Amino acid sequence: MSGPMRHVTALFRGHEPSRLLAGTIVAAVLGLVVWTVFLAKTLPAVHSARHWDAAWAGFDVALIATLAATAWAAWFRRQILVAAALVAGTLLVCDAWFDIVTSLGTRDQTVTIATALLAELPVAAFLFWLARTIMLRTVAAFRSQPGQQQLGAHLRAAPLLFATQAEGAEQTESWALAETVRTSATATLGSPMLVEILYFEGCPNHEPARALVERLSRELAVDPEIRMVEVPDAEAALRLRFLGSPTVRVDGHDVEPGADKRDEFMLACRVYRTESGFGGLPDERWLHDQLAGGG
């Protein structure tokens, strides 16, 4: 596991660090409650502010940048989409709040309320829904990995993923988390089907595997993204959960039934047991069913 990832995992291993962090945040919340009550009782209803234009323009620049980052993350299916969507949604709610509160009783009141109800708040609600959906699907997919317990129905009941890792399986499970994040975001955003062909140069069957995928895709009138993934060494084989060359996955799932539960990761030529016997390519029917069903 990489250095930063190891630090994240170690931070939440055990109860004491987590409780210290939670206690610090609770103390900050209590302090803010006191401060808010003080402001509510002492601030005037009307106040002349300086640099009003710079304050709002700066806020809008931050909002634009956050929305742009959200669009970028959605386009490229990056994990940071969850954080970007949450921040963008929060800024939109803040924008609506301050617009409405500062315009009540003025001629701008109707415009700001309409803008909030018809634009800012609906977009914010969609972004919150998107982030929640990706998190739910990611955690559910991760917990469905072999050896993981079932997840409850509510997101608030989901444990921190890195806090559930066993010491000896961190590298493999970290890969599984990254893969399920990508797969969940792909499914949520309706992105094109992804076919990955994992291989290493010592085995010759990856090109026939690609030809098989391309032929079946034409027959089924589907247009998946085909990605050739070279596995250079044994360390990469473990990290990529490589069962041998070629390994064919559709939207993150091995086309061979039951193969997702296997853990014999190695740098070797893969032999498939099909209805017609042993061979170096997956059964055409497996791949046909996966392509036809979208993984």
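The values are calculated or read from the model by the stated rules, or taken from the named source; none is laboratory data. All figures in this text were calculated on a predicted structure; none of them were measured in a lab. Every residue, glycine as well, gets a Cβ built from its backbone with ideal geometry; the counts of neighbours run over all protein chains shown.
Here are the criteria: (1) touching a helix residue (DSSP H, G or I) at 6+ places or on another chain (Cβ under 8 Å); (2) not in a helix (DSSP H, G or I). Tell me which single one Ala69 does not satisfy. Of (1) touching a helix residue (DSSP H, G or I) at 6+ places or on another chain (Cβ under 8 Å); (2) not in a helix (DSSP H, G or I), only one is false for Ala69: (2). Going by the structure shown, is Arg78 surrounded by 14 or more Cβ atoms within 10 Å (Cβ to Cβ) and assigned to a loop (DSSP other than H, G, I, E, B)? Considered against the rule, which asks whether it is surrounded by 14 or more Cβ atoms within 10 Å (Cβ to Cβ) and assigned to a loop (DSSP other than H, G, I, E, B), Arg78 comes out as yes.
Residues that are of a type in the set (Asp, Glu) and at pLDDT below 85 number at least 1 in the following helices (runs of 4 or more DSSP H) confined to the stretch 148-267: 170-189.
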